[in-house]
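The values are calculated or read from the model by the stated rules, or taken from the named source; none is laboratory data. No experiment lies behind these values; they were computed from the predicted model shown. Here Cβ is always computed from backbone atoms with ideal geometry, including for glycine, and neighbour counts include all displayed protein chains. Ligands, DNA and RNA are excluded from the accessible area calculation, which covers all protein heavy atoms including side chains. Shrake-Rupley method; radii C 1.70, N 1.55, O 1.52, S 1.80 Å.
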Amino acid sequence: MGDKNKADTSLNPKQRSRREFLENAGTTAALASAVPVLGISTAQAQSDTESTAAKTRIQLTVNGSRHSVDVEDRWTLVEVLRDQLDLTGTKIGCDRSECGACTVIMNGKPVYSCSQLAVWADGAQVTTVEGLASGGQLSAVQQAFVENNGPQCGFCTPGQLMTATALLSNNATPNADEVKQALVGNLCRCSNYNAIVEAVVMAGERSGGAA
Amino acid sequence: MSEAIHIGLDPLNTIGNATARVDAVERVTGEAKYSRDFKLPGMLYAQILRSPHPHARIRAIDTSAAEALPGVRAVITGDNASVVWGAGSVSGGRQYNDPTKDATLHRRYIFNNPLRFVGDSVAAVAAIDRHTAEQALALIKVDYEELPFVLEPEAALEPGAPQVWPDGNLCPDFRNNFEPMVSNLGDVEAGFAEADQIFEERYETSFIHNAQMEPRAALAHWEADKLTLYSPTQGISNCRHDTARDLGLQDHQVRIICNYMGGGFGNKNQNQDADLVAATLSKQAGAPVMLEFSRRDDWLGVHGRWPTVQYYKIGAKNDGTVTAIQMRGYSGMGPYRKNSGGISGMDVYACPNRLRSISPVYTNRTTSGNFRAPSEPHGFYGVESMMDEVAYKLGVDPVEFTLKNMRRPTDDQPFTNYSLDEVITRGAEQFDWASRRKTTPGSDEGPIKRGSGFSFMMFRAGVGTSSAIVRVDAQRQYTLFVGVTDIGPGAKTTMGMIAAEELGVPLDQVEVVAGDTDRCPYSVGESGSRTTIQTGYAVMQAAKDLNQQIADSGMPTGSDVLIASATPNPSTDGKTRQCFGAHFVEVEVDTRIGTTRIVKYTTVHESGRIINPTTARDQIRGATLQGIGQALHEDLLYDPASGQPLTTGYYRARHLTHLDIPEIDVTFIEVDDGYGPFGAKTAGEAGIILAPAALANAISNAIGVRMTSLPISRDKILEAMA
Ligand code: FES
Ligand code: FES
């Protein structure tokens, strides 16, 4: 779990000017970060190459960090998470409320972030898959996914984990049927459903409410 | 946790022990980077404009308004970008290579005119963000001349049918002859003459989409004449070679990166048109380009299992001996022949008289392509439904009937090993076949009826070539370089386990480097269930070589390293090598509303030695569930009047959800036949082959009516009971 704020080592002038711009605008430092595999900038383009569409400033808290982001009306929450905050763990499978790959927890409830406009998230508390582990320690449901092969291709996994986390916070020890009911909005085309349900049940049994 | 039952072999040091994936933590924390998760400085976003018509000629395209939109950096059409997508259309439908590219008569370009299906690419735009690119698409004006279209393979062969290509709608073979694919063994007419009874039936199977969760994307980036592509591909080596060939580059000028892929299920062990479109746009715009498919784009542009029609004629004696099998089949390929159009299954019977003729046919639907076990699930459904029907008509238990008629090793054609008797017998016992099946189909009183069905298979597990490199440093840290990509089955982990076993070290002492053609040697690609056998064997041989080097010269010291590589070309000494399996399922059909509920599902597989029990279990369960979806629900519908696809997303395509999932019992009979890495065989496709046949037979056993069309959806059951 790399340090998401430790990014500004690039010599790319675009990134530096963007960073300065953001700092001048009073935003938190977490906006510019690096793709670890590449070690290159992920900062947004300079303003002369940005869309001229009107923007609204929203404030939201993601995984405990406060962010202030200027968003276009047409942006969705998942676009803000992935494109602006570099939280690419949240996936887009359909972009239209059919698959659940984009599930995040918003104000305590699992939602499809592809189908939430960014402006609606003003003031919201959001948890994404990157926020599940704490202090390098996987959550109980993450750990169960590791042990029981919860991910096959892994593309639906973040969404499954978020819905499961929301379930476990309401029902600490769900049985298999309750897990299936709760997770019905999260498709898995690898059809790894049995393993996912087993993992969520196991997480509940192990932690008995501390998930 | 429900564990698979393992019979026959004990675990080795690493192999055979349930093992968490080497990249499991990345997968559960969101750190795993899929193609769309990469960003490059100055990266543009691209979108494709697709044909709204099933068949149309482009009279003119006006892109001026799109080009004038602020933020648009490149617009390409067939007028200014003529790139052949070689793997997109192949005479004979074989693996794409230099000779087939040269031979292919019906070329497919990244933009084609005429357009031959709804979704055929018309133009592509790169812009500073995805919304600007979307806006630009709407500004492209296209003058279409609509042409007549045809959707069904049989209709496409009728005289006067709309012509998808000028030479007729039967696809050419690899010599560009317009002939069906025929295989003829023995003498079927003699076999029919010998028979006491003749059975005939027509079967039909649907067009279904691979529907992997990650929609297609491609990020292209040029540095001088070197192209780097981040692309979800099942085979980085093939993707590189295909892309280089299509763009007129040398292999070393193309780098493919794919560490994680959100599912494949076949048909992506080459390059994709998305790769070529992104590369072309990127060159034109002078900036990195991320091309993103929407879910609808993916549905229209990325192909699915070919729909088929199968006419069977079977001759049998009253004692249950099959004397002749004949099948005439038609496969709907869409307007390009990307893959074979095969319909397999009859070769698992020993009957000496077998005649098969398959016509792959052009239509104006989305192009078909390989889907997990490309020729099998629909073919096994057809032939095993047929045989089930014959068995019941002759009053024979289908399991007995199979044991009597299935193919066995012969003196002329020995196998490396043969487990089918044990697989079937054990499955029947575990499932309690004798008491669960209805001796008289449909005999349950009342509207809710139970019945049981069975299917069996053997499937190729041949050996072949791949490469591996393994290195050790003075700290005794081993690094394995393999050109695999992990699309779900867990190849990185499997390769690491094979290396650890052979090297005699724990798995955590082996780092696996994969998914990057600049760092990894050739691997066959995640298709045909071949990675474990082929690349795994190369890993084993490279590790053996390294062990020898260490024995000869000791561990390296200081900054020195020892490196071994292997590209073995193993053989099976003329023997046939197969994996084996049998599925048994009990269903409960509510004949008032047409629903099918699975009561019990038992699978028994012999896939050689199992490397990682955890991932192997879920290959069987996942593939079986996909097969259940194919059997009961999945069907890409087209409106016959307009040629429009009606199911271009998850919602209407009716894939299984959490609520549809039964328990699947998995048993592995483990064998080491002395071939492959530690005796491992194919597993990834095995489960899907059997599910449609087993379920269809179970439903027929419950309701007493043979179901001759997939999917066996509620409406069809209601119609059968009416
Ligand atoms: S991406 Fe949001 S539901 Fe599919
Ligand atoms: S693990 Fe691949 S879609 Fe669920």
Please work out if B:Arg21 is more than 26 Å from B:Arg116 (Cα to Cα), outside any loop (DSSP other than H, G, I, E, B), open to solvent by less than 40 Å² (accessible area, probe 1.4 Å) and within 14 Å of chain A (Cβ to nearest Cβ). no
Within the range A:98-135, work out how many residues are in a loop (DSSP other than H, G, I, E, B), more than 16 Å from ligand 1 (Cβ to nearest atom) and either on the phi < 0 side of the Ramachandran plot or hydrophobic (A, V, I, L, M, F, W, C) (or both). 4
Scan the range B:394-436 residue by residue and report those that are charged (D, E, K, R) and under 21 Å from B:Val587 (Cβ atoms). B:Asp397, B:Glu429, B:Asp432, B:Arg436
Verdict on B:Gly496 being surrounded by 24 or more Cβ atoms within 10 Å (Cβ to Cβ) and under 25 Å from A:Cys156 (Cα atoms): yes
For the range B:620-658, how many residues are facing chain A (nearest Cβ under 7 Å) and either farther than 30 Å from B:Leu115 by Cβ or free of Cβ contacts under 8 Å to residues at least 12 places away in the same chain (or both)? 8
Run A:Arg96 past the list (1) in contact with a helix residue (DSSP H, G or I) (Cβ under 6 Å, 6 or more places away or on another chain); (2) at the interface with another protein chain (Cβ under 9 Å from one of its Cβ atoms) and report the number of the one that doesn't hold. (1)
Per the list (1) more than 25 Å from the chain's Cα centre (by Cα); (2) open to solvent by 30 Å² or more (accessible area, probe 1.4 Å), residue check on B:Tyr537 breaks on (1)
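Need at least 1 residues that are closer than 18 Å to B:Gly627 by Cβ and not small (Gly, Ala, Ser) per element, so show me which helices (runs of 4 or more DSSP H) inside the range B:336-434 make the cut, counting only ones lying wholly within it. Steps first, please.
Working: elements: B:377-393, B:398-405, B:420-431.
Counting at least 1 such residues, we get B:377-393, B:420-431.
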With the condition kept exactly as written, say whether any residue in the range A:161-180 is open to solvent by 10 Å² or more (accessible area, probe 1.4 Å) and either under 21 Å from B:Arg21 (Cα atoms) or at the interface with another protein chain (Cβ under 7 Å from one of its Cβ atoms) (or both). yes
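Restricting to the range B:209-240, name every residue that is among the charged types (D, E, K, R) and either open to solvent by less than 10 Å² (accessible area, probe 1.4 Å) or away from every other protein chain (no Cβ under 14 Å) (or both). It would help to see each step written out before you state the result.
First pass over the range B:209-240, keeping only residues among the charged types (D, E, K, R): B:214, B:216, B:223, B:225-226, B:240.
Within the range B:209-240, B:Glu214, B:Arg216, B:Asp225, B:Lys226, B:Arg240 meet the criteria.
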Would you point out the residue of the range A:126-157, among those that are open to solvent by less than 10 Å² (accessible area, probe 1.4 Å) and among the β-branched types (Val, Ile, Thr), that is nearest to the other protein chains (Cβ to nearest Cβ)? A:Val129
Can you work out which of the residues in the range B:292-331 that are within 14 Å of chain A (Cβ to nearest Cβ) and in a strand (DSSP E or B) is farthest from B:Phe199 (Cα to Cα)? B:Glu292
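Filter the range A:88-97 down to residues that are touching a residue at least 60 places away in the same chain (Cβ under 8 Å) and more than 13 Å from ligand 1 (Cβ to nearest atom), then give me how many there are.
The first filter runs over the range A:88-97 and keeps only residues touching a residue at least 60 places away in the same chain (Cβ under 8 Å), leaving A:89-91, A:93.
Narrowing the set further to residues that are more than 13 Å from ligand 1 (Cβ to nearest atom) leaves A:89.
Counting residues in the range A:88-97 that are touching a residue at least 60 places away in the same chain (Cβ under 8 Å) and more than 13 Å from ligand 1 (Cβ to nearest atom) gives 1.
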Of the residues A:Ala164, A:Ala172, which is part of a helix (DSSP H, G or I) and either outside the structural domain of A:Gln59 (by TED's automatic domain parsing) or more than 16 Å from ligand 1 (Cβ to nearest atom) (or both)? A:Ala164
Within the set of pairs 6+ apart or on separate chains, which have a first residue in the range B:219-232 that is in the same structural domain as B:Ala514 (by TED's automatic domain parsing), a second that is open to solvent by 50 Å² or more (accessible area, probe 1.4 Å), and C-beta atoms under 7 Å apart? none
Looking at B:Ala287 and the list (1) surrounded by fewer than 24 Cβ atoms within 10 Å (Cβ to Cβ); (2) not in a loop (DSSP other than H, G, I, E, B), which single condition is not satisfied? (2)
Inside the range A:181-197, can you point out the residues that are more than 13 Å from ligand 1 (Cβ to nearest atom) and under 13 Å from B:Leu625 (Cβ atoms)? A:Cys190, A:Ser191, A:Asn192, A:Tyr193, A:Asn194, A:Ala195, A:Ile196, A:Val197
Selected residue (criterion: most open to solvent (accessible area, probe 1.4 Å)) from residues of the range B:641-661 that are in contact with a Lys or Arg (Cβ under 6 Å, 6 or more places away or on another chain) and closer than 19 Å to B:Leu625 by Cβ: B:Leu659
B:Gly369: crowded, with 24+ Cβ neighbours inside 10 Å, closer than 30 Å to B:Glu214 by Cβ and touching a residue at least 12 places away in the same chain (Cβ under 8 Å), yes or no? yes
Any residue at all in the range B:546-558 that is of a type in the set (Asp, Glu) and touching a residue at least 60 places away in the same chain (Cβ under 8 Å)? no
